[in-house]
Each structure stands twice: as structure tokens, then as C-alpha cells.
Amino acid sequence: MPASFPETAISTERLLLRPLEEGDVPGLVAMMADDLVLSWTDVPQPYGHEYALHWVRRQVPALRAEGRGIAFAITEHLTQRLVGTVELRNTDWRLLSTEAAYVTAPWARGEGYAVESLLGVAQWLFEDRGFHRLELRTAAGNTAAQQVAQKIGCISEGVLRSAWIVRTGEVGSAGEESRSDLIVWSLLPEDLEPLEPAYPSYAGFHRD
């Protein structure tokens with residue numbers, strides 16, 4: 001039986017990160033129908049209802065059960081609206097290291113939700129699960145993602161040359177593809193100390 005993350009929820013000042021459920025499918029489909037998601041991620045296009053349902057029902061549970069990672073739906077406390085997703089993947093249980101990938105809904109950008117949710121995940125990983133390293137990888141042209149990495153305290157470690165595919169064109173189509181470098185960022189437990197006072201409740205995760 002491989003090591004795996006518990007099914008849990010993480011609470012921050014404004015957000016609840018919880019397991020994905022079938023009711024999230026419409027929000028996922030709407031969120032993925034966005035030019036920036038097309039450009040910077042590798043999510044399938046077109047991203048329809050059937051794919052989203054398969055991801056929630058099959059792929060996300062398998063990710064956790066097989067010990068490869070865990071995925072969270074990010075929702076607002078006040079409205080319960082789907083803000084985005086955070087997925088931990090490529091987890092190494094010997095090194096206690098994992099990689100975070102996230103998507104933020106277009107309407108929720110500019111509110112600091114990506115920073116808040118990633119810091120919440122980092123606090124849970126380091127304090128509750130005993131992890132030693134969280135990694136992010138951003139395409140060289142994705143300045144918004146690079147700013148998020150910097151704001152949570154990540155250190156840039158270097159560049160993976162020609163390691164990603166950037167897509168352009170219309171959402172729902174294959175679009176044009178070009179190769180891109182990836183910037184590797186890391187966050188260690190000591191990088192979170194002291195916590196920013198603007199985010200006082202990151203440690204409010206639910207222990208299982």
C-alpha cells in the first residue's frame with residue numbers, strides 16, 4: 001500500500017480548500033474555457049463536461065490512492081463559489097517533496113487567491129504532513145505565475161530549457177504550439193517564517 005495524503009480540507013482567511021466533487025464540474029468547465037488556461041497549462045482542449053466529470057470521479061481519487069498527490073477545489077467561504085484548483089503531483093515520499101500546480105478562475109484573478117491558497121497548502125504540508133520541499137514550475141513568459149511564486153516566498157533555482165509547450169489560438173481548439181523554458185521554484189519550511197500578518201489563519205487545516 002503506497003503512502004498517500006489523507007482526504008482533508010484546508011481553511012484559510014477567505015478560502016476553503018476541499019476535495020473535489022461532481023457539483024464542481026460546471027465551474028471547472030467554465031474555468032478551463034479561458035485563454036490563459038489554454039496558453040500556460042496542459043489541460044485538454046476542448047475541456048468538456050465529460051472530461052471534467054472523469055477527472056473528478058476517476059483521476060483525482062486515483063492520484064491520492066496511488067500516492068502521487070492530491071487535488072483540492074478552492075472555494076470562497078462566503079459564497080462557496082469555485083475559485084480554482086490546486087493539485088499536488090510528482091510526490092516523492094522518501095524526500096517528502098511535491099510539486100504544486102494551480103488554476104484560478106478568470107473572475108477571481110487579482111484578489112490574491114492563488115497566493116492565499118498556495119500558502120495554506122504549504123502550511124499544511126510542512127506543519128501537518130512533515131514535508132520538506134514544495135516545488136512550482138512556471139513557463140518563462142508567465143509573469144503572473146512567477147509573481148505568485150515570489151509572493152509566497154519561493155526561491156528561483158534555475159531553468160529547465162525547452163521543457164514546456166505554450167499554446168496560442170482559440171480555446172477549444174488545438175491552437176498553435178511553441179516550446180518554452182520552465183523556471184523552477186522551491187519553498188522550504190524555513191521560507192515561511194515569519195508568516196505574513198495579512199494571512200493570519202493559514203494553519204486552520206482540518207487534521208484527519
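Using protein chains only and a probe of 1.4 angstrom, how many square angstrom of Arg57 are accessible, to the nearest 10?
Probe radius 1.4 Å; accessible area of Arg57 about 120 Å².
Whole-Hz ³J(HN,Hα) for each residue in region 90-101, computed from phi via Karplus 6.51 cos²θ - 1.76 cosθ + 1.60 with θ = phi - 60°, x for glycine and proline: what do you get?
6, 6, 10, 7, 6, 7, 6, 9, 8, 10, 9, 10
Rg(Cα) of the chain divided by 2.2 N^0.38 Å?
0.98
Using only protein heavy atoms and a 1.4 Å probe, report how much of Tyr51 is accessible, in Å² to the nearest 10.
Accessible area of Tyr51: about 70 Å².
When the chain is fully extended, how far beyond the present Cα-Cα distance does Lys151 get from Asp128, taking 0.36 nm per residue of separation?
Between Lys151 and Asp128, full extension yields 6.1 nm more.
Taking only C-alpha pairs under 8 Å that are 6+ residues apart, what is the relative contact order of region 1-152 in percent?
For region 1-152, the relative contact order is 23 percent.
Find the accessible area per residue for the chain; the probe is 1.4 Å, ligands and nucleic acids are left out, and the unit is Å².
That works out to 50 Å² per residue.
Can you tell me what the convex hull of the Cα atoms of region 21-138 projects to on average, as an area in nm²?
Its Cα hull, projected and averaged over all orientations, spans 7.5 nm².
For the pair Glu76/Arg57, report the inter-label distance in nm, with labels modelled 7 Å from Cα in the Cβ direction.
Going by the 7 Å Cα→Cβ label model, 3.0 nm.
Using a 1.4 Å probe on the protein heavy atoms, what percent of the accessible area of region 1-159 belongs to carbon and sulfur?
In region 1-159, the share of accessible area belonging to carbon and sulfur is 50 percent.
Using a 1.4 Å probe, how large is the accessible area of Asp92, given in Å² and rounded to the nearest 10?
Counting only protein heavy atoms, Asp92 exposes about 60 Å² to solvent.
Suppose we keep just the DSSP beta bridges with both residues in the chain; what percent of those would be antiparallel, to 5?
Of all bridge pairs located within the chain, approximately 90 percent are antiparallel.
The values are calculated or read from the model by the stated rules, or taken from the named source; none is laboratory data. Please read all numbers here as calculations on a predicted model, not as lab measurements. In this analysis, Cβ positions are derived from the backbone assuming ideal geometry, glycine residues included, and neighbour counts consider all displayed protein chains. For accessibility, only protein heavy atoms count, side chains too; no ligands or nucleic acids. Shrake-Rupley method; radii C 1.70, N 1.55, O 1.52, S 1.80 Å.
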